[in-house]
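The values are calculated or read from the model by the stated rules, or taken from the named source; none is laboratory data. On a predicted model such as this, the values are computed, not experimentally measured, just so you know. Cβ coordinates were reconstructed from backbone atoms using ideal geometry, including for glycine residues, and neighbour counts include every protein chain displayed.
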Amino acid sequence: MSAPAPAPVRTLADVASRRPHRRAVGPEGERPSLAFRVVAGVILLVGTIYFLMPVYWLVVASTKTTTQLYSTPGFEFAQNHLWDNLTTLTQYDGGIFWRWLLNSGIYSGVGSILMAAISVLTGYALAIYRFRGRSALIGIVMGSMLVPQTVLAQPVYLLVVELGLNNTYWGVLLPSIVYPFGVLLAFVFAQQAIPREVIEAARLDGAGELRTFLSIGVRMMIPGSVTILLFAFIGSWNSYLLPLLVLNDARLMPITVGLAGWNQASITIPGLQSLTVVGAMVSVLPIVLVFVVLQRYWKNGLALSGGRF
């Protein structure tokens, strides 16, 4: 009987050659392939151009007169009349535009602070405390996000009229302080950012629930709170239907309702078309400013919530 053949001797080179090829992993994780990066870059570039094109048109159109808006190409600059348009915008109807801009600042500033405060308080309570009906309450909050705001506008308007708050600042502010999306975000942020061990340690040290929330909960939820504040500010700044229904006095209207009125009136008053375009460009600047100032916080807040949604 012949002896079995000896097993082949494997060298380190043979073992290394048979291992599956793996991509190099850097400090930020596995690097995607070149084709994937090219496709992703093209998609991002197209998306960026798509979203910035209306802004570019708005800047170009703000430098034109009403005649030039219709007689020159939309994406090409003509004679620069930006300063003249801003001067006319300031002087028209006693400077009503800047009153609208101030009203939007009041509605968005005060309203977003109230929205964020109530959302953070509610989300913290839902995340920290365990009580009967908690899951049902969270489901109601999530379900309320599915109801369009246009459906609620008429009932809210009738309620505001019954309370005697129509044509007042509070008639716009009070209905907007309840923000279901903000409550859900605060709930996610609180679950992610606040360990229960810290809450238990504060209770063992004798801290009350309110003091625990103000000294620990609020500080740990700052990134999430700023994110909620930012979303609430944008939502309030762009609000149109509720102020349109509630307000009759032109000096109480926000910028959205005022510019919409000018746009409709431009059918009979052609000069208002250029003022509407310039006013729309000016109304974008506060939103850009808020994003730039708060970008450090809302980036952290979105990254924090991304792990739980």
Q) If you go through segment 220-270 one residue at a time, how many are in a loop (DSSP other than H, G, I, E, B) and among the small types (Gly, Ala, Ser)? A) 2
Q: Name, by its number, the condition in (1) in contact (Cβ under 8 Å) with a residue 24 or more places away in the chain; (2) farther than 29 Å from residue 52 by Cβ; (3) surrounded by 15 or more Cβ atoms within 10 Å (Cβ to Cβ) that does not hold for residue 250.
A: (3)
Q) What are the residues in segment 83-98 that are in contact (Cβ under 8 Å) with a residue 40 or more places away in the chain and under 17 Å from residue 285 (Cβ atoms), if any? A) 85, 86, 89, 97
Q.
Can you find, within segment 49-67, the residue that is farthest from residue 83 (Cα to Cα) among those that are surrounded by 13 or more Cβ atoms within 10 Å (Cβ to Cβ) and hydrophobic (A, V, I, L, M, F, W, C)?
A. 57
Q: Out of 136, 190, report the one residue that is touching a Leu at 6+ places or on another chain (Cβ under 8 Å), among the aliphatic types (A, V, I, L, M) and either farther than 27 Å from residue 100 by Cα or surrounded by 11 or more Cβ atoms within 10 Å (Cβ to Cβ) (or both).
A: 190
Q. Which of (1) free of Cβ contacts under 8 Å to residues at least 24 places away in the same chain; (2) at positive phi is the odd one out, the single condition residue 167 does not satisfy?
A. (1)
**Q.** Criterion: touching a Phe, Trp or Tyr at 6+ places or on another chain (Cβ under 8 Å), assigned to a helix (DSSP H, G or I) and either of a type outside the set (Val, Ile, Thr) or surrounded by fewer than 19 Cβ atoms within 10 Å (Cβ to Cβ) (or both) - qualifying residue of 102, 89
**A.** 89
**Q.** Residue among 292, 226 that is among the β-branched types (Val, Ile, Thr), under 14 Å from the mean Cα position of the chain (by Cα), buried (at least 18 other Cβ atoms within 10 Å of the Cβ) and at pLDDT below 90
**A.** 226
